[in-house]
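The block underneath contains the structure these notes are about, expressed in structure tokens.
The values are calculated or read from the model by the stated rules, or taken from the named source; none is laboratory data. Everything numeric in this text was worked out from a predicted model, so none of it was measured. Ideal geometry is used to build each Cβ from the backbone, glycine not excepted, and the neighbour counts take in all protein chains shown.
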Amino acid sequence: MIRLREATMLALTKLRTRKVRLVVTIVISGLLFSVLAASSIGARGIFSSIASFNKEGLSNRFLTQGNSLSSGNVFMNKDIIDRASAIYKDTIEAKKTEAKKLGIEYNSENDRPPYNEYPGQNGTKIRSIDPTQPAAVQAIKEYNTSHPQPGMDEFKKAASTYHASAFYESHTIPYDTSGSQLEVLKGGKETYDDTKSANNNGPATGLDSFASNWSLMSEDLLEPFILPGESLAIGKDGSIPIIIPISAAEQLLGAKALPSSASASDRLERTRQNRESIKGFTFDACYRNATSASLVNEAVTAQQEIDQNKNKKDYQKPSLQYGLPAEACGPAPIIRDERTAEQKTLDDKQLQFDQKFGATEGMQSKIHFRVVGMVPDANYSISTDVSQIIKSLVTSSLGSGWYAPLSAAATNETVSQLFFEANTQFADGGSLYFADFKTADAARTFIDQQNCTPDYQKYDPSSGGDPAQSCIDSGKPFGLGPYGSNSLGLESAKKTFQKFFTLIGLGIAAIACVIMMGTVGKMIADSRRETAVFRAIGAKKLDIAQIYVLYTVFLSTLIFLFAMFVGLAIAVYANHRWATDITQQALVAYNAQDLNKAFRLYSFYPPDMLYLLGITVTAGLLSAIFPLIRSLRRNPIRDMRDDT
Amino acid sequence: MIIKTDPLQQAAQLLEITGYDVESAIAAVHSAHAAHQRLHAHAVPKGPVVVQAKNLRKEYKVGKQHVNALQDVSLEIHEGEFVAFTGPSGSGKSTLLQLIGGLDKPSGGTITIDGQDIARLSDRKLSRFRNRTIGFVFQFFYLQPFLSVQTNLAVPGIFARMKPAEYKERTRELAAAVGLQDRLQHHPKELSGGQMQRAAIARALLNKPKLILADEPTGNLDSANGEAIIELFDKVRKEFGTTVVVVTHDPKVAARADREIILKDGRIAG
């Protein structure tokens with residue numbers, strides 16, 4: 001072999017021939033490899049940015065969450081329906097007896113049955129429990145008591161096998177079917193309309209999302225998300241610390257929502273302002289039990305009726321009229337009582353009757369909150385927009401909703417009642433259990449081995465089956481997944497990316513190899529005379545091979561550099577386009593203490609670059625093998641003669 | 001065209017060639033006569049044998065047919081000799097030159113260069129042998145267009161793994177010897193045909209070969225440049241003691257050789 005310096009010099013002369021073909025090859029192959037370069041630079045930028053945010057929030061922890069799968073299919077459960085029917089029947093009889101005893105009228109037809117009935121296949125009738133009917137509520141409660149669900153103890157037992165180091169829990173406010181109401185007092189005022197409910201259906205945003213998205217959570221999980229200077233301790237004024245969605249914060253602050261066309265930097269600035277202004281902001285929420293809510297509704301309805309009939313001479317106002325509360329979250333007062341003594345006696349008997357069969361006295365209570373943090377709003381839209389896809393990687397920190405510490409239930413009776421004594425039929429449906437693992441592998445193994453997906457085919461709910469039974473039977477009663485941090489997701493994304501990068505890289509290298517073979521082959525063929533002359537003046541075959549191998553390495557390196565340039569340009573463009581937007585999302589999602597932290601969509605990861613260079617050079621060398629072997633096998637005399 | 005060896009026959013032939021221009025014909029006769037004298041002078045060797053071919057045979061397969069390019073060629077060339085191979089096209093002179101240069105292997109017979117039977121050398125050893133023992137000069141010069149004259153001259157040194165300082169010094173010496181000392185940093189396209197061939201000769205001399213093989217070295221040059229190249233070969237022979245073997249169609253070149261070996265139909269005709 002000749003010296004590298006001289007071989008390099010001779011190889012470089014090859015790059016000066018066939019320039020158009022050379023440039024075309026570099027551009028086409030380079031563009032192919034630039035796909036890899038751009039994806040590496042972009043993905044590694046995302047990964048490294050996420051990693052830099054990982055010091056915030058829960059992202060540096062390997063948490064898994066589990067929810068009990070054995071909540072039971074109460075709707076079609078025959079035992080529950082039968083028991084509810086029996087309770088219903090007994091209640092009707094008891095009510096009849098009591099009504100007779102009290103001397104009041106009772107029509108059993110006003111008491112609806114505890115189930116709904118609708119036609120099934122082959123003339124059969126399908127019964128589904130009505131979870132708002134008192135007999136059904138009682139039957140479900142009894143069922144849940146006799147069929148306790150796996151809870152924290154079982155979760156701990158399962159996770160401890162995988163060396164979980166700590167355990168936490170959260171409880172989302174249960175779905176209350178009794179007709180209670182829970183709302184944030186906007187500007188300290190209560191709204192009186194019949195659309196508000198303790199359980200709004202469908203996705204809600206802002207303050208309206210409170211009633212359905214409020215959770216109590218272990219303090220350890222909330223700690224990383226509180227704003228600087230705030231704490232999770234119950235305030236001296238009894239205020240419950242709470243982390244709220246951005247949209248709710250803006251409503252509380254009276255900030256006008258930014259238009260959708262607002263620039264990313266405007267949104268970032270708004271985030272900064274919000275974080276600064278919302279710290280320590282206090283507000284009240286009002287809870288009314290079903291009776292209280294009913295009286296307020298009655299007051300509203302009565303007033304509407306009076307207003308509608310005020311011009312009618314023969315209209316008689318109700319003898320008993322409730323008015324709207326004098327103060328927010330106050331009781332509905334009686335503003336007119338023109339009942340006769342007889343009517344009053346009858347009403348008292350009716351009240352006695354109702355209370356015997358479950359009616360409660362009106363109760364309303366204010367809950368005082370203090371904002372200690374913000375989380376991004378839930379994103380209900382399905383979007384393929386690049387920024388949304390990237391955002392999905394950074395929104396999983398805490399979740400989207402309202403989060404107060406578990407200790408709130410211990411200090412506030414209303415909170416305790418709302419979360420743990422509510423008239424709910426879905427036993428523990430809103431409870432989540434968390435395990436903290438020391439490594440991603442331990443967390444992943446726990447999820448892989450203990451997660452269960454209910455079998456909806458074997459246990460068809462429409463036929464009264466409970467899909468969760470398949471999980472209970474297999475001794476895996478929890479649905480498991482990563483939580484709070486995207487550490488696992490990030491690990492998984494990195495592995496998936498690595499696989500993609502490697503496989504796509506090989507595919508692109510194969511295509512590039514074919515393209516380069518054209519150029520390298522042509523160049524070697526064009527250089528036959530020169531090769532022959534070199535052979536005549538003493539070059540060994542290995543010397544010739546060395547020159548062409550070096551040429552191929554240079555060509556590949558140029559392709560690599562071009563690919564890197566294009567890849568970087570793409571990544572920088574993407575960064576320019578989306579980085580600020582994602583930064584804003586990330587700052588909130590991770591509750592970043594440093595607001596100057598930025599999300600970058602480009603970063604160089606040397607192993608990727610080396611791999612890219614490696615496959616580019618390998619593709620080049622492979623492309624040179626056949627033309628080179630063919631050239632070296634040729635008779636130099638013939639090549640000299642042919643050329644003349 | 002075969003130049004007759006008999007002076008009278010030569011005269012008649014040359015008159016015909018020169019269109020019966022008597023002066024030119026007389027000059028050609030003198031030249032041919034001188035060549036004839038030298039041809040017969042080879043019986044007195046000047047030095048040790050550098051090239052020895054015995055019963056050399058080269059056969060090519062063209063399609064299904066075998067073509068005998070060389071048949072039973074035996075010759076000896078001595079150190080410092082200037083020998084011209086002449087003969088009509090297809091007579092086998094270039095094939096003989098290539099066999100001597102180790103660019104091709106004989107189908108039969110032996111060929112010994114500087115005491116080495118080159119037909120038995122491996123490809124690797126043969127390359128090394130060519131690099132160190134032989135200098136090639138081609139009709140079309142074959143200089144690398146993207147390299148400077150100096151680097152072109154250095155190429156055999158590069159393949160010999162000569163140190164850069166050494167081959168740079170040597171290229172300067174040779175450039176001076178061939179009158180290209182001012183052209184070292186130029187590129188071949190900036191040189192005239194004669195200059196390019198001089199550069200090619202300098203390149204051939206870089207590794208101080210014992211033997212220079214030139215295939216039609218003046219074939220692509222005008223007569224003045226051709227004359228200069230022959231002068232250069234003469235100079236090389238005298239200064240470096242290098243044996244020069246030239247394949248040529250040019251009678252003037254052949255006339256300047258010590259010995260002319262005429263080939264016809266793959267055999268030595270005279």
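Of the strands (runs of 3 or more DSSP E) lying entirely inside segment B:206-270, those containing at least 3 residues that are within 29 Å of B:ILE158 (Cβ to Cβ) span B:211-215, B:243-247.
Among the criteria (1) surrounded by fewer than 20 Cβ atoms within 10 Å (Cβ to Cβ); (2) assigned to a loop (DSSP other than H, G, I, E, B); (3) at the interface with another protein chain (Cβ under 10 Å from one of its Cβ atoms); (4) not hydrophobic (A, V, I, L, M, F, W, C), the one B:GLN185 does not fulfil is (3).
The requirement of being surrounded by fewer than 17 Cβ atoms within 10 Å (Cβ to Cβ), more than 14 Å from chain B (Cβ to nearest Cβ), modelled with pLDDT of 85 or more and more than 30 Å from A:THR445 (Cα to Cα) is fulfilled somewhere in segment A:34-49, by at least one residue.
Take the conditions (1) under 18 Å from A:SER527 (Cα atoms); (2) surrounded by fewer than 23 Cβ atoms within 10 Å (Cβ to Cβ); (3) at the interface with chain A (Cβ under 7 Å from one of its Cβ atoms); B:PRO156 misses just one of them, which is (2). Checking the structure you have, find out if any residue of segment A:617-632 is outside any helix (DSSP H, G or I) and out of contact with any helix residue (DSSP H, G or I) (no Cβ under 6 Å at 6 or more places or on another chain). No, there is no match, as no residue in segment A:617-632 is outside any helix (DSSP H, G or I) and out of contact with any helix residue (DSSP H, G or I) (no Cβ under 6 Å at 6 or more places or on another chain).
Only one entry of A:LEU610, A:LEU587 meets the criterion of being of a type in the set (A, V, I, L, M, F, W, C), out of contact with any helix residue (DSSP H, G or I) (no Cβ under 8 Å at 6 or more places or on another chain) and either part of a helix (DSSP H, G or I) or not assigned by TED's automatic domain parsing to the domain that holds A:GLY45 (or both), and that entry is A:LEU610.
The residue pairs whose first member lies in segment A:1-21 and is touching a residue at least 60 places away in the same chain (Cβ under 8 Å) and facing another protein chain (nearest Cβ under 9 Å), whose second member is among the polar types (S, T, N, Q) and crowded, with 16+ Cβ neighbours inside 10 Å, and whose beta carbons are closer than 9 Å, counting only pairs six or more residues apart or on different chains, are A:MET1/A:GLN546; A:ILE2/A:GLN546; A:ALA7/A:GLN546; A:LEU10/A:GLN546; A:LEU10/B:GLN144; A:LEU10/B:THR151; A:LYS14/A:SER527; A:THR17/A:SER527.
Pick out the one residue from B:LEU96, B:LEU103, B:LEU143, B:LEU121 that is touching a residue at least 60 places away in the same chain (Cβ under 8 Å) and either within 24 Å of B:PRO48 (Cα to Cα) or touching a Gly at 6+ places or on another chain (Cβ under 6 Å) (or both). Step through it out loud before you land on a result.
Working: B:LEU103 fails: touching a residue at least 60 places away in the same chain (Cβ under 8 Å); B:LEU143 fails: either within 24 Å of B:PRO48 (Cα to Cα) or touching a Gly at 6+ places or on another chain (Cβ under 6 Å) (or both); B:LEU121 fails: touching a residue at least 60 places away in the same chain (Cβ under 8 Å).
Of the residues listed, the single one that is touching a residue at least 60 places away in the same chain (Cβ under 8 Å) and either within 24 Å of B:PRO48 (Cα to Cα) or touching a Gly at 6+ places or on another chain (Cβ under 6 Å) (or both) is B:LEU96.
Inside segment B:212-225, can you point out the residues that are buried (at least 21 other Cβ atoms within 10 Å of the Cβ) and more than 13 Å from every other protein chain (Cβ to nearest Cβ)? Within segment B:212-225, B:PRO217, B:THR218, B:LEU221 qualify.
The lone criterion from (1) over 54 Å from the mean Cα position of the chain (by Cα); (2) surrounded by fewer than 22 Cβ atoms within 10 Å (Cβ to Cβ) left unmet by A:GLY538 is number (2). For segment A:577-598, does any single residue satisfy the condition of being more than 30 Å from A:PHE225 (Cβ to Cβ) and either touching a residue at least 12 places away in the same chain (Cβ under 8 Å) or away from every other protein chain (no Cβ under 14 Å) (or both)? No, because not a single residue in segment A:577-598 is more than 30 Å from A:PHE225 (Cβ to Cβ) and either touching a residue at least 12 places away in the same chain (Cβ under 8 Å) or away from every other protein chain (no Cβ under 14 Å) (or both).
Every condition in (1) within 23 Å of B:MET162 (Cβ to Cβ); (2) of a type outside the set (Gly, Ala, Ser); (3) in contact with a His (Cβ under 9 Å, 6 or more places away or on another chain) is met by B:THR242 except one, and the failing one is (3). Considering every residue within segment A:510-528, establish whether at least one is within 14 Å of chain B (Cβ to nearest Cβ), in a loop (DSSP other than H, G, I, E, B) and in contact with a helix residue (DSSP H, G or I) (Cβ under 6 Å, 6 or more places away or on another chain). So far as segment A:510-528 goes, no, none of its residues is within 14 Å of chain B (Cβ to nearest Cβ), in a loop (DSSP other than H, G, I, E, B) and in contact with a helix residue (DSSP H, G or I) (Cβ under 6 Å, 6 or more places away or on another chain). Could you tell me whether segment B:132-142 includes any residue that is surrounded by fewer than 23 Cβ atoms within 10 Å (Cβ to Cβ) and more than 10 Å from chain A (Cβ to nearest Cβ)? Taking every residue of segment B:132-142 in turn, none turns out to be surrounded by fewer than 23 Cβ atoms within 10 Å (Cβ to Cβ) and more than 10 Å from chain A (Cβ to nearest Cβ). Which numbered condition in (1) part of a loop (DSSP other than H, G, I, E, B); (2) in contact with a Phe, Trp or Tyr (Cβ under 8 Å, 6 or more places away or on another chain); (3) acidic (Asp, Glu) is the only one that A:GLU98 fails? Checking A:GLU98 against (1) part of a loop (DSSP other than H, G, I, E, B); (2) in contact with a Phe, Trp or Tyr (Cβ under 8 Å, 6 or more places away or on another chain); (3) acidic (Asp, Glu), the one that fails is (1).
Give me the strands (runs of 3 or more DSSP E) completely within segment A:110-172, filtered to those with at least 2 residues that are of a type in the set (Val, Ile, Thr), ordered by residue number. Full working, then the answer.
On the way: elements: A:115-119, A:125-129, A:166-172.
Passing ranges, in order: A:125-129.
If you check B:ALA200, B:ALA176, B:ALA204 for being within 20 Å of the chain's Cα centre (by Cα), more than 8 Å from chain A (Cβ to nearest Cβ) and within 20 Å of B:GLU231 (Cα to Cα), only one passes: B:ALA200.
Residues in segment A:450-487 that are assigned to a helix (DSSP H, G or I), touching a strand residue (DSSP E or B) at 6+ places or on another chain (Cβ under 9 Å) and modelled with pLDDT of 80 or more: A:GLN450, A:CYS471.
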